[in-house]
Amino acid sequence: ILFFLPTTADITLEIFAINGQLLSSVAVGRHASGYHLYEWNATDDRGSSLPSGVYLCRLRAGEHHDFRKLIFIR
């Protein structure tokens, strides 16, 4: 999951099931400006493997919110 921050910001990068259930918090905390790359290993916060399917990724950085659709295939 690649994203760019124009300025330093507190961010939250989360993965949700298509029904809105929070599955995983990939990154939380203060990040410097620039590009950032995170790899999601298709597990939830308990470490359980998730099945193939469609997931939603939400990035919150300060006042900015962005959603992306992720398709995971095993």
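The values are calculated or read from the model by the stated rules, or taken from the named source; none is laboratory data. Owing to the predicted nature of the structure, the values given are computational and were not obtained by experimental measurement. A quick note on method: Cβ atoms are made from the backbone with ideal geometry, for glycine too, and the neighbour counts reach across all protein chains shown. When the accessible area is computed, the model is the full protein with side chains, heavy atoms only, and any ligands, DNA or RNA have been set aside. Shrake-Rupley method; radii C 1.70, N 1.55, O 1.52, S 1.80 Å.
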Whole number in Å², please: accessible area per residue of the chain, 1.4 Å probe, ligands, DNA and RNA not counted. 65
Each residue of segment 9-26 in turn: what ³J(HN,Hα) in whole Hz from Karplus with 6.51, -1.76, 1.60 and θ = phi - 60°, glycine and Pro shown as x? 7, 7, 10, 9, 10, 10, 10, 10, 6, 4, 7, x, 6, 5, 9, 8, 9, 6
Derived scalar couplings ³J(HN,Hα) [segment 37-51; Karplus, 6.51 cos²θ - 1.76 cosθ + 1.60; whole Hz; x for Gly, Pro]: 10, 10, 10, 9, 8, 6, 10, 8, 5, 8, x, 7, 5, 9, x
Residue 17: net charge of surrounding residues, Cβ under 13 Å, Lys/Arg +1, Asp/Glu -1, itself excluded? -1
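Accessible area of segment 2-74 with a 1.4 Å probe: how many percent of it is carbon plus sulfur?
Heavy-atom surface of segment 2-74 belonging to carbon and sulfur, 1.4 Å probe: 53 percent.
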